[in-house]
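Undergrad: My structure is below; once you've seen it, I'll send some questions.
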Amino acid sequence: MSTTNTANLYDVLAERGFVSQATDEKIRERFVRPVTAYIGFDPTADSLHVGNLVPVMALAHLQRCGHKPIAVVGGGTGLVGDPSGKTESRKMLTREDIDHNVRCIGKQIEHFVTFDAPGKNSPTGAVMLNNADWLTELSWVELLRDYGTHFSVNRMLTMDSVKSRLDAESGLTFLEFNYMVMQAVDFLHLYKTHKCTVQMGGQDQWGNIVMGIELGRRIAGAELAGLTFPLVTKSDGGKFGKSESGNVWLDPKRTSPYEFYQFWRNTPDVDVKRYLGFFTFLPIDEVNKLGALQGQEANAAKQMLAYEVTKLVHGQAEADTARDSVQKAFGAAQDVTGEAIPHGDLSEAELGAGIGVIQLLVTAGLAKSNGEAKRLVSAGGVRLHDQPVKDISQQVTADDIRDGYVLIRAGKKRLFRFDVR
RNA sequence: GGGCGGAUGCCAGAGCGGCCAAAUGGGGUGGGCUGUAAACCCACUGGAGAAAUCCUUCGCAGGUUCGAAUCCUGCUCCGCCCA
């Protein structure tokens, strides 16, 4: 079902804001003919988060433009940990953890690209590889003899990722120093086995990508190319992809579709256009049109953004419910009965005796501790069915049941419904 | 192997015997203003408790002291310099 179109991949990526750096100006010409390109993903968790979405979308664009995408999950490199962009060493993961993570991440990527059936190798079918398959086979001596002479330590020391770590207090271990070597070997391996000639990645991967290109040229005489994506930032300087409850994950068990939708719905005005380009497949004209909306109207663009991204990640059905629930809950109707609204059960017996609001806030997950719940109430941020809660010792009783549920709100955007059984 | 310096809350970073649950900034949360935006202003930001107060926290383990994040000893990890 590859919707192959005639657009040049480079143009598509460029107009959507995906291009930060490319190895040469002529990179566009490479995409006139079908190429095979790869992007690596680190298996540091068993789910991707929204921060990983840029490279995932890039893979999808790759396929849509008639190229063959390879997703490399770093089972081997994950054992080492990438020093790029980190101020200190990453925790080392066990092999079992990594294998588990690799499988989970693979499944998530499947939502964005169409994979080749096992054994098949179609021109645009995506392939998922685990670099542990070849990296762990390499012996130390073999590695040094075959590749060691092609890496200049002088050169490696000039790489930003290395330099920053040398300056940093935490320093850089030999293990991490080798990360870029592994990634370079990956690129060479993919060139040899899959005719892969392009590597893409985040801005912080530039150095690693360049190492691979050089290795390919020296060992195989290959003309490889690389392209990096800009770091996604929030205009206010905050970290992208974080919400009150931490990372925003693709896994619905970690971040519900409702929360996921809300995350995008709350995008600052100035970032909407950029995000539409990155995280949706809406035609660029549409992106520009929505992105140009000003003032109150920008909300329409945010709704579209939230809906489209949720649809991509969780499917149309979930996106529909999330959108409808949110609209009802925040619209004039104030209808919070939908299944997508965060909710839980409460027995009538429990209510009969009366439950403290504080406890209710904690069980609802709106506050992490009693103290936090109290602070919320004292700050005037809690409402019970739209009635402000003023007293931290207030009891919730059967009298508070409306239409079979008790609704508690924390702030303007967070709410939780207790269905009374 | 030797010398020196360091390890503090989500992060960065002060404190260097009691006034320290620990300055300040960032982040986060709540309130105000709004449009479920930004900017701005205000408040809060270890846990339990209605509160008094109690408990746990300043790399780890001991010690000195009425009293330690602060002093001493050992250990672990890290940086810098010398070999």
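Undergrad: What's the number of the condition residue A:153 fails, among (1) within 16 Å of RNA strand B (Cβ to nearest atom); (2) closer than 21 Å to residue A:76 by Cβ; (3) more than 26 Å from the chain's Cα centre (by Cα)?
TA: Single failed check for residue A:153: (2).
Undergrad: Condition test on residue A:143, is it part of a loop (DSSP other than H, G, I, E, B), at pLDDT 85 or above and surrounded by 14 or more Cβ atoms within 10 Å (Cβ to Cβ)?
TA: Considered against the rule, which asks whether it is part of a loop (DSSP other than H, G, I, E, B), at pLDDT 85 or above and surrounded by 14 or more Cβ atoms within 10 Å (Cβ to Cβ), residue A:143 comes out as no.
Undergrad: Follow-up question, since we're still on this one. For region A:202-215, enumerate the residues that are under 26 Å from the mean Cα position of the chain (by Cα) and open to solvent by less than 20 Å² (accessible area, probe 1.4 Å).
TA: A:207, A:208, A:209, A:211, A:212, listed by residue number.
Undergrad: Shifting gears a bit: Going through A:348, A:308 one at a time, which residue ends up being in contact with a Leu (Cβ under 9 Å, 6 or more places away or on another chain) and either open to solvent by 60 Å² or more (accessible area, probe 1.4 Å) or at negative phi (or both)?
TA: So the residue among A:348, A:308 that is in contact with a Leu (Cβ under 9 Å, 6 or more places away or on another chain) and either open to solvent by 60 Å² or more (accessible area, probe 1.4 Å) or at negative phi (or both) is A:308.
Undergrad: With respect to residue A:197, is the statement that it is closer than 23 Å to residue A:112 by Cβ, hydroxyl-bearing (Ser, Thr, Tyr) and within 16 Å of RNA strand B (Cβ to nearest atom) true?
TA: It is false that residue A:197 is closer than 23 Å to residue A:112 by Cβ, hydroxyl-bearing (Ser, Thr, Tyr) and within 16 Å of RNA strand B (Cβ to nearest atom).
Undergrad: If you go through region A:45-60 one residue at a time, do you hit one that is open to solvent by 10 Å² or more (accessible area, probe 1.4 Å), at pLDDT 95 or above and either of a type in the set (D, E, K, R) or farther than 26 Å from residue A:263 by Cα (or both)?
TA: The first filter runs over region A:45-60 and keeps only residues open to solvent by 10 Å² or more (accessible area, probe 1.4 Å), leaving A:45-46, A:49, A:51-52, A:55.
So of that shortlist, the ones also at pLDDT 95 or above come out as none.
So far as region A:45-60 goes, no, none of its residues is open to solvent by 10 Å² or more (accessible area, probe 1.4 Å), at pLDDT 95 or above and either of a type in the set (D, E, K, R) or farther than 26 Å from residue A:263 by Cα (or both).
Undergrad: Sticking with this one: Condition first: at pLDDT 90 or above, farther than 22 Å from residue A:230 by Cβ and within 15 Å of RNA strand B (Cβ to nearest atom). Can you find one or more residues in region A:270-283 that meet it?
TA: no
Undergrad: Could I ask something else about it? Could you list all residues from region A:386-396 that are open to solvent by less than 40 Å² (accessible area, probe 1.4 Å) and out of contact with any Phe, Trp or Tyr (no Cβ under 9 Å at 6 or more places or on another chain)?
TA: Narrowing region A:386-396 to residues open to solvent by less than 40 Å² (accessible area, probe 1.4 Å): A:389, A:396.
Listed by number, the list holds a single entry, A:389.
Undergrad: Count, please, the residues in region A:284-296 that happen to be more than 8 Å from RNA strand B (Cβ to nearest atom) and either in contact with a helix residue (DSSP H, G or I) (Cβ under 7 Å, 6 or more places away or on another chain) or assigned to a helix (DSSP H, G or I) (or both).
TA: Of region A:284-296, the ones more than 8 Å from RNA strand B (Cβ to nearest atom) are A:284-293.
Applying the additional criterion that residues be either in contact with a helix residue (DSSP H, G or I) (Cβ under 7 Å, 6 or more places away or on another chain) or assigned to a helix (DSSP H, G or I) (or both) yields A:284-291, A:293.
Here the count works out to 9.
Undergrad: Consider only pairs whose beta carbons are under 7 Å apart and that are at least six residues apart or on different chains; among these, list those whose first residue lies in region A:265-278 and is of a type in the set (Asp, Glu) and whose second residue is part of a helix (DSSP H, G or I).
TA: Listed by first residue and then by second, the contacts come to A:269/A:298.
Undergrad: Specify the residue that is most open to solvent (accessible area, probe 1.4 Å); the eligible residues are those in region A:120-135 that are in contact with a Leu (Cβ under 8 Å, 6 or more places away or on another chain) and either of a type in the set (D, E, K, R) or not in a helix (DSSP H, G or I) (or both).
TA: A:129
Undergrad: Determine the pairs where a residue that is touching a residue at least 12 places away in the same chain (Cβ under 8 Å), located within region A:281-309, has a partner that is among the acidic types (Asp, Glu) and within 8 Å of RNA strand B (Cβ to nearest atom) with Cβ atoms under 7 Å apart, the partner being 6 or more residues away or on another chain.
TA: Sorted first by the residue in region A:281-309, then by its partner, the pairs are A:298/A:269.
Undergrad: Follow-up. Which is more than 8 Å from RNA strand B (Cβ to nearest atom), open to solvent by less than 30 Å² (accessible area, probe 1.4 Å) and in contact (Cβ under 8 Å) with a residue 60 or more places away in the chain, of A:257, A:252?
TA: A:257
Undergrad: Return a yes/no flag: does region A:315-329 have any residue that is in contact with a Leu (Cβ under 7 Å, 6 or more places away or on another chain) and open to solvent by 10 Å² or more (accessible area, probe 1.4 Å).
TA: No, that holds for no residue.
Undergrad: Among the residues of region A:23-53, count how many are out of contact with any Pro (no Cβ under 8 Å at 6 or more places or on another chain) and within 17 Å of residue A:278 (Cβ to Cβ).
TA: Total meeting the criteria: 6.
Undergrad: Taking region A:341-363, which residues are within 12 Å of RNA strand B (Cβ to nearest atom) and of a type in the set (A, V, I, L, M)?
TA: Selection gives A:341, A:357, A:358, A:361, A:362.
Undergrad: Here's something else I'd like to know. Using the structure shown, decide if residue A:374 is over 22 Å from residue A:259 (Cα atoms), among the basic types (Lys, Arg) and either more than 10 Å from RNA strand B (Cβ to nearest atom) or at pLDDT 90 or above (or both).
TA: Considered against the rule, which asks whether it is over 22 Å from residue A:259 (Cα atoms), among the basic types (Lys, Arg) and either more than 10 Å from RNA strand B (Cβ to nearest atom) or at pLDDT 90 or above (or both), residue A:374 comes out as yes.
Yes/no matrix, rows are residues, columns are (1) closer than 17 Å to residue A:72 by Cα; (2) surrounded by fewer than 19 Cβ atoms within 10 Å (Cβ to Cβ); (3) not β-branched (Val, Ile, Thr):
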site	(1), (2), (3)
A:161	no, no, yes
A:166	no, yes, yes
A:175	no, yes, yes
A:187	yes, no, yes
A:193	yes, yes, no
A:196	yes, no, yes
A:200	yes, no, yes
A:223	no, yes, yes
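The values are calculated or read from the model by the stated rules, or taken from the named source; none is laboratory data. As the structure is a computational prediction, the values presented were derived from the model and not from experiment. All Cβ positions, glycine included, derive from the backbone under ideal geometry; neighbour counts span all protein chains shown. We work out accessible area using only protein heavy atoms, side chains counted, and drop any ligands, DNA or RNA first. Shrake-Rupley method; radii C 1.70, N 1.55, O 1.52, S 1.80 Å.
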